[in-house]
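Here's the structure we're looking at; comments come further down.
The values are calculated or read from the model by the stated rules, or taken from the named source; none is laboratory data. All figures in this text were calculated on a predicted structure; none of them were measured in a lab. Because the Cβ atoms are built from the backbone with ideal geometry, glycine has one as well, and the counts that use them run over all protein chains shown. What goes into the accessible areas is simple: the full protein's heavy atoms, side chains included, and nothing from ligands, DNA or RNA. Shrake-Rupley method; radii C 1.70, N 1.55, O 1.52, S 1.80 Å.
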Amino acid sequence: MNKPVLVIGNKNYSSWSLRPWLLLRHYGVEFDEVRLNLDTDAFFAEIGRHSPTGKVPVLRDGTLTVWDSLAICEYANERWLQGQGWPDDMALRAQARAAAAEMHSGFAALRTQLPMNSRREPDGYRWDAAADADIQRIQQLWCGLRQDNREHGDFLCGRFGIVDAMFAPVAIRFAGYGVALDQAAAAYVETLFALPAMRQWREAAAQEAESIAATESLRSPG
């Protein structure tokens, strides 16, 4: 049986690619990876064969194409994870979905002013009040979920799931830009970074030769 194919951008820059990639890797789903170098002639020549939107990530499973990061995670949860991507408890599952949806559609200032760059080191760069408000809201969200659910596990809603995959690129952003975090948020970042799949992604990103300006125009439509 053919493995599914996940088409992604550069691991260094493609925050939207990281989300489904991390979920699939963490749960041991076997897939073939196609990595396209963002913002190049080769990318624009190739992406149309894979994605109806011309953006990454996109999953192909047989004749099925799924072209949005959160939709890919939802499909993977039903197809391969036996529902493990969301908490078992209905109320907790609703919280996780609300947080994932907020990340999926919000935090525009953070995305624009602190684009993901996995190799980035803090250098004194500063952002405006709108991005700072996003940062504070994310910390509030993380800390509230962790406080309410810490007896269930080390992640936002217990075990690692879709909501954590959605926030994984934010952890990379916070580290790369030297964002000051409260103790609970900093501990959550370290929990994400300790995941073997997350380490694998960051190590691969560090080995990439390409260097581009990260651009939100090339992310998934979600």
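Out of (1) touching a helix residue (DSSP H, G or I) at 6+ places or on another chain (Cβ under 9 Å); (2) without any contact (Cβ under 8 Å) to a residue 40 or more places away in the chain; (3) among the polar types (S, T, N, Q), the odd one out for Ser17 is which?
Ser17 satisfies all of (1) touching a helix residue (DSSP H, G or I) at 6+ places or on another chain (Cβ under 9 Å); (2) without any contact (Cβ under 8 Å) to a residue 40 or more places away in the chain; (3) among the polar types (S, T, N, Q) except (2).
Take region 76-87 and flag every residue that is open to solvent by 30 Å² or more (accessible area, probe 1.4 Å) and either on the phi < 0 side of the Ramachandran plot or at pLDDT below 95 (or both).
Selection gives Glu78, Arg79, Trp80, Gln84.
Only residues in region 108-124 that are in a loop (DSSP other than H, G, I, E, B) count as the first member; pair them with residues that are among the basic types (Lys, Arg) and open to solvent by 30 Å² or more (accessible area, probe 1.4 Å), Cβ under 7 angstrom, at least 6 apart or cross-chain, and list the lot.
Ser118/Arg202
Considering only region 39-75, how many residues are at pLDDT 95 or above, within 20 Å of His104 (Cβ to Cβ) and over 19 Å from the mean Cα position of the chain (by Cα)?
1
For region 88-129, which positions are at pLDDT below 95 and open to solvent by less than 20 Å² (accessible area, probe 1.4 Å)?
Passing the criteria: only Leu92.
Can you name the number of the only condition in (1) closer than 30 Å to Glu121 by Cα; (2) open to solvent by less than 10 Å² (accessible area, probe 1.4 Å); (3) in contact with a Ser or Thr (Cβ under 9 Å, 6 or more places away or on another chain) that Cys73 fails?
Result: Cys73 fails condition (3) only.
Could you run through region 166-222 and say how many residues are of a type in the set (A, V, I, L, M, F, W, C), modelled with pLDDT of 95 or more and within 19 Å of Leu6 (Cα to Cα)?
7
Counting only residues that are open to solvent by 10 Å² or more (accessible area, probe 1.4 Å) and aromatic (Phe, Trp, Tyr), which one in region 1-30 is farthest from the chain's Cα centre (by Cα)?
Among those residues, the one meeting the criterion is Tyr27.
Can you tell me which residues in region 34-49 are open to solvent by less than 40 Å² (accessible area, probe 1.4 Å) and over 18 Å from Lys11 (Cα atoms)?
If the condition is that a residue be open to solvent by less than 40 Å² (accessible area, probe 1.4 Å) and over 18 Å from Lys11 (Cα atoms), then no residue fits.
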